[in-house]
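This report refers to the structure that appears directly beneath it.
The values are calculated or read from the model by the stated rules, or taken from the named source; none is laboratory data. The structure displayed is predicted, hence computed values, not measured ones. Note that we place each Cβ from the backbone using ideal geometry, even for glycine, and neighbour counts take in every protein chain shown.
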Amino acid sequence: DAGVTQSPTHLIKTRGQQVTLRCSPKSGHDTVSWYQQALGQGPQFIFQYYEEEERQRGNFPDRFSGHQFPNYSSELNVNALLLGDSALYLCASSLSSNTGELFFGEGSRLTVL
Amino acid sequence: RKEVEQDPGPFNVPEGATVAFNCTYSNSASQSFFWYRQDCRKEPKLLMSVYSSGNEDGRFTAQLNRASQYISLLIRDSKLSDSATYLCVVNGGYQKVTFGTGTKLQVIP
């Protein structure tokens with residue numbers, strides 16, 4: 001049973017560029033959430049997707065957008081990258097019917113130069 | 001006030017010691033509560049859920065006090081392998097999950 005997989009694991013971009021991160025949820029899970037984790041901080045909620053729609057959103061600008069596909073996989077897009085966007089981006093999957101455990105991928109570490 | 005606040009740490013404790021972490025949350029309507037563990041440069045993983053009646057899993061005990069909006073984690077007989085960052089997590093409903101900043105634990109030989 002594959003867990004949550006994310007790609008790429010590491011990437012380097014320059015300011016102003018755009019990036020797309022990908023996530024495949026754990027088998028059987030229908031909900032995908034994205035988090036940004038800066039060094040020394042806890043994960044910050046970006047948004048959550050369920051049934052191909054954004055269901056909840058944290059305090060992130062519109063430069064952060066996402067998508068969920070019919071197979072429940074998801075993408076996170078960040079436009080006009082800033083130095084402050086450098087962080088570990090974590091994808092978490094869960095069951096919509098469950099208020100419990102989130103399963104995390106290993107994350108995509110983004111460095112913006 | 002932050003939605004979820006934790007002890008800042010770091011906590012440096014000798015092997016075999018008992019250590020306790022605290023966490024407070026601001027949303028009184030929060031529905032479920034968890035402790036996650038995160039190793040250095042790894043993803044968070046669920047350590048245990050937290051129930052009003054309190055729950056224990058081996059050396060780990062979690063407590064929830066809804067009246068005080070307070071969660072705790074107690075680790076007994078600390079092992080070197082317990083060294084990690086412990087994240088307090090609150091589900092405010094509709095799976096709006098908020099993480100604390102984490103408390104770093106270093107168990108010393």
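A quick yes/no check of all residues on (1) assigned to a strand (DSSP E or B); (2) surrounded by fewer than 13 Cβ atoms within 10 Å (Cβ to Cβ); (3) out of contact with any Pro (no Cβ under 9 Å at 6 or more places or on another chain):
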site: A:Gln17; (1), (2), (3): no, no, yes
site: A:Gly28; (1), (2), (3): no, yes, yes
site: A:Gln41; (1), (2), (3): no, no, yes
site: A:Asp62; (1), (2), (3): no, yes, yes
site: A:His67; (1), (2), (3): yes, no, yes
For B:Lys45: the one exception among (1) in contact with a strand residue (DSSP E or B) (Cβ under 7 Å, 6 or more places away or on another chain); (2) under 18 Å from A:Phe45 (Cα atoms); (3) touching a residue at least 40 places away in the same chain (Cβ under 8 Å): (3)
A:Gln36 within 14 Å of chain B (Cβ to nearest Cβ), of a type outside the set (Asp, Glu), part of a strand (DSSP E or B) and touching a Lys or Arg at 6+ places or on another chain (Cβ under 9 Å): no
Residues of region B:74-109 classified as farther than 11 Å from B:Phe11 by Cβ, under 13 Å from the mean Cα position of the chain (by Cα) and away from every other protein chain (no Cβ under 14 Å), total: 1
Residue match in region B:56-70 (condition: of a type in the set (Ser, Thr, Tyr), touching a residue at least 24 places away in the same chain (Cβ under 8 Å) and within 19 Å of B:Asn12 (Cβ to Cβ)): no
Qualifying residue in region A:76-95 (condition: on the phi > 0 side of the Ramachandran plot, surrounded by fewer than 21 Cβ atoms within 10 Å (Cβ to Cβ), among the hydrophobic types (A, V, I, L, M, F, W, C) and more than 14 Å from chain B (Cβ to nearest Cβ)): yes
Unique residue being hydrophobic (A, V, I, L, M, F, W, C) and surrounded by 12 or more Cβ atoms within 10 Å (Cβ to Cβ) when the list is B:Leu80, B:Leu87: B:Leu87
Some residue of region A:10-33 being at pLDDT 95 or above and touching a His at 6+ places or on another chain (Cβ under 6 Å): no
